[in-house]
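Below is one structure, written out as structure tokens; comments come after it.
The values are calculated or read from the model by the stated rules, or taken from the named source; none is laboratory data. Here the structure is a predicted model, which means the values were calculated and not measured. Cβ sites come from the backbone with ideal geometry, for glycine too, and all protein chains shown count toward neighbours.
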């Protein structure tokens with residue numbers, strides 16, 4: 001299908017494809033293509049390979065060590081990496097706190113933190129959600145009390161992805177409890193080695209401890225680690241989430257996993273014939289492929305708009321909804337392709353990899369989260385209704 005890429009963009013695609021095919025370590029590619037968990041070592045090794053090539057921060061301007069690609073080239077890069085079996089680059093530094101620092105950070109913060117993100121010297125995590133403040137993020141209760149040149153932060157964050165590996169966290173905390181809930185929040189950078197920071201794992205259905213609770217007990221944070229003005233945190237948070245939701249479209253990853261589903265359908269038998277010959281399964285494959293093609297076209301339209309105005313805007317919410325739903329549907333197809341072979345389980349989710357024995361079941365169970373994180377899809381529909389449809 002012709003998506004009208006320019007000759008320059010097609011040449012760029014060929015350049016990326018050639019590099020990735022040669023630079024990708026086989027053990028990383030095999031892990032990703034099998035749908036198995038990517039380790040911390042895999043993630044760091046691939047990030048350093050990209051950094052050495054000058055591609056460690058594909059969405060960043062040249063000023064801060066990025067290649068200066070426009071949104072369409074970034075999309076091409078992400079897609080080619082995903083199709084080649086690359087692990088996902090960590091978004092927390094590259095696509096979240098990095099753009100925030102470029103836009104709102106002090107010169108010292110930019111010089112101190114930005115160079116360490118693409119080089120993988122720092123691993124960031126996101127301190128947004130709380131037990132009583134998930135999609136309704138403005139209800140957060142973590143407090144930051146100013147005492148001289150420091151804030152004293154007390155509260156709890158939850159669903160903090162890969163916090164067990166992080167050495168820095170960007171965190172929303174309430175600095176003015178008397179203000180309206182969106183107006184009394186500040187954006188802080190917290191050293192995870194600070195006294196009073198405790199990380200406790202949350203075990204998921206697939207047995208992984210991918211997410212965590214983070215307890216903050218009188219954690220001292222220098223005022224110089226506040227990004228932007230005091231009580232400006234909500235404005236910064238919304239800016240960050242626009243970048244996060246665009247990435248959640250997952251075009252390249254969905255293409256890779258759909259190809260895996262097709263491959264399994266050709267290899268696996270059902271009633272003595274390849275599953276691909278089953279008309280109901282074939283129809284489900286075709287339906288999700290059509291939806292993915294439509295999403296890719298929409299994504300490119302949004303990227304073209306972002307190239308013109310510099311930000312994806314509320315249309316990013318639509319990409320988040322459809323991309324996450326398609327991801328779940330493909331995972332379900334893969335699970336159904338294996339049939340009973342995906343069912344063996346263990347009773348203890350903490351033992352030997354969790355309830356799910358087969359990678360297909362673990363993959364399916366893990367992806368139940370994608371319609372929730374980054375703002376639940378119900379919240380995204382509200383954003384579209386208000387800011388796109390004007391309802």
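Yes/no per residue for (1) closer than 25 Å to residue 229 by Cα; (2) surrounded by 14 or more Cβ atoms within 10 Å (Cβ to Cβ):
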residue	(1), (2)
148	yes, no
163	no, yes
170	yes, yes
177	yes, no
182	yes, yes
188	yes, yes
193	yes, no
200	no, yes
Check your understanding: under 30 Å from residue 43 (Cα atoms) and assigned to a strand (DSSP E or B) - does that describe any residue in the range 139-153?
Key -> no
Review point. Hey, among 250, 212, which residue is touching a strand residue (DSSP E or B) at 6+ places or on another chain (Cβ under 7 Å) and under 27 Å from residue 364 (Cβ atoms)?
Key: 212
Point to revise | Filter result for the condition that a residue is more than 20 Å from the chain's Cα centre (by Cα) and at pLDDT below 80, over 337, 304, 311, 316 | key: 304
Check your understanding: Going through the range 340-372 one residue at a time, which ones are out of contact with any helix residue (DSSP H, G or I) (no Cβ under 6 Å at 6 or more places or on another chain), modelled with pLDDT of 75 or more and surrounded by 16 or more Cβ atoms within 10 Å (Cβ to Cβ)?
Key -> 359, 362, 365, 366, 369, 372
Exercise for review: Would you check if there is a residue in the range 114-129 being assigned by TED's automatic domain parsing to the domain that holds residue 213, in contact (Cβ under 8 Å) with a residue 24 or more places away in the chain, part of a loop (DSSP other than H, G, I, E, B) and out of contact with any helix residue (DSSP H, G or I) (no Cβ under 8 Å at 6 or more places or on another chain)?
Suggested key: no
**Study point:** Failed condition for residue 221, given (1) without any contact (Cβ under 8 Å) to a residue 40 or more places away in the chain; (2) crowded, with 20+ Cβ neighbours inside 10 Å
**Key:** (1)
Study note, to complete from the structure: Filtering the range 75-113 down to residues that are without any contact (Cβ under 8 Å) to a residue 60 or more places away in the chain, surrounded by fewer than 22 Cβ atoms within 10 Å (Cβ to Cβ) and under 25 Å from residue 33 (Cα atoms) yields 87
Check your understanding: Hey, any hits in the range 291-301 for a residue that's in contact with a helix residue (DSSP H, G or I) (Cβ under 9 Å, 6 or more places away or on another chain), more than 18 Å from residue 325 (Cα to Cα), modelled with pLDDT under 95 and assigned by TED's automatic domain parsing to the domain that holds residue 340?
Key -> yes
Review point. Quick check, is residue 41 under 20 Å from residue 87 (Cα atoms) and in a helix (DSSP H, G or I)?
Key: yes
Check your understanding: Quick one: how many residues across the range 3-20 are touching a residue at least 40 places away in the same chain (Cβ under 8 Å) and either over 18 Å from residue 255 (Cβ atoms) or surrounded by 13 or more Cβ atoms within 10 Å (Cβ to Cβ) (or both)?
Key -> 7
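Conditions (1) over 19 Å from residue 42 (Cα atoms); (2) in a helix (DSSP H, G or I), marked per residue:
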| position | (1), (2) |
| --- | --- |
| 74 | yes, yes |
| 81 | no, yes |
| 89 | no, no |
| 94 | no, yes |
| 99 | yes, yes |
| 111 | yes, yes |
